[in-house]
Amino acid sequence: MNLRYRDERIMEARENVRTGLEGPGLTAAQKLWYCIATVGGQYMWTRLQSFSAFRRWGDSEQRTLGQRAWLFLQRIEGFYKAASFSNLLIFLLTGQYRSLIERALRARLVYGSPNMNRAVSFEYMNRQLVWNEFSEMLLLLLPLLNSTTFKSLFRPFSKDKSSDSGVNETYCPICQASPTVPFVALPCRHRYCYYCLRTRCSASPSFRCARCNEPVTAMQRLRVSPNENPPTK
């Protein structure tokens, strides 16, 4: 990122500054205190809050030592938030010291070198290329898929066989109309239209009956007696 920390205590003593990139880095003591304040300070504060909540210092009705410690912690937290907000406003105004720790240690972020090659991110382009290839693959494969095969595979899980007891079996289960030229599927002998049954068997050799999900091995014309009344809806 071409950024580094600079010790502002030494830079304030200097008068001639050319580019603003000059100046030594942080000393070993500054680095150590920065690590302790950033990692250790946050860890200790989190542990102290967890311990006070576990001991229920804030729930005590009497002015005990725990309640006074709880009020003291709340005041410290409020003061820290107010100071952090003030430091943020100053940072937006001057561009120095992003946090209170950097301000206390006088550590400022500056550029490491005046010239830097621009880093181009290809993440968006790669994501767009992957999505285009995926959509083209779907457009190529979808016409080759047989929807009837998928419906027959998922039909046993989506519909109970016992729910077909109230369905009129004289109607074609595919077009839900009275068959003009009735045919039956073998071996289950459920009634279909000739066109519906023929097209489904031709499209998929492993076609299963739409009513009982049994494999259809053949089809036979149904002989309807003259006395049988045609079904009506």
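Coordinate-derived values only; no laboratory data. Since we're looking at a predicted model, the values are computed, not measured. Virtual Cβ from ideal backbone geometry, glycine too; neighbours counted across all protein chains shown.
For the residues ASP7, ASP59, what sequence is obtained by ranking on other C-beta atoms within 10 Å, fewest first?
ASP59, ASP7
Under a plain spin-label model, where a point goes 7 Å from the Cα along Cα-to-Cβ, how far apart in nm are ARG189 and SER113?
Those two pseudo-labels are separated by 8.9 nm.
Quickly work out the ARG4-to-PHE72 label distance, labels modelled 7 Å from Cα along the C-beta direction, and quote it in nm with one decimal.
Between PHE72 and ARG4, the label points sit 4.3 nm apart.
Residues with amide H under 5 Å of HIS190's amide H, sequence separation 5 or more or different chain, H placed in the peptide plane at 1.01 Å from N; which?
ALA185
Need one number: nm distance between label points at LEU92 and LEU140, each 7 Å from Cα along Cα→Cβ, rounded to one decimal.
5.2 nm
Can you pull out the GluC sites (Glu not before Pro) in region 47-137 whose DSSP state is coil and whose Cβ has at most 11 other Cβ atoms within 10 Å?
GLU61
Mind listing the phi-derived Karplus ³J(HN,Hα) values for region 83-91, rounded to whole Hz, using 6.51, -1.76 and 1.60 with θ = phi - 60°, and x for any glycine or proline?
Using θ = phi - 60°, the values come out as 5, 5, 5, 5, 5, 5, 5, 5, 5 Hz.
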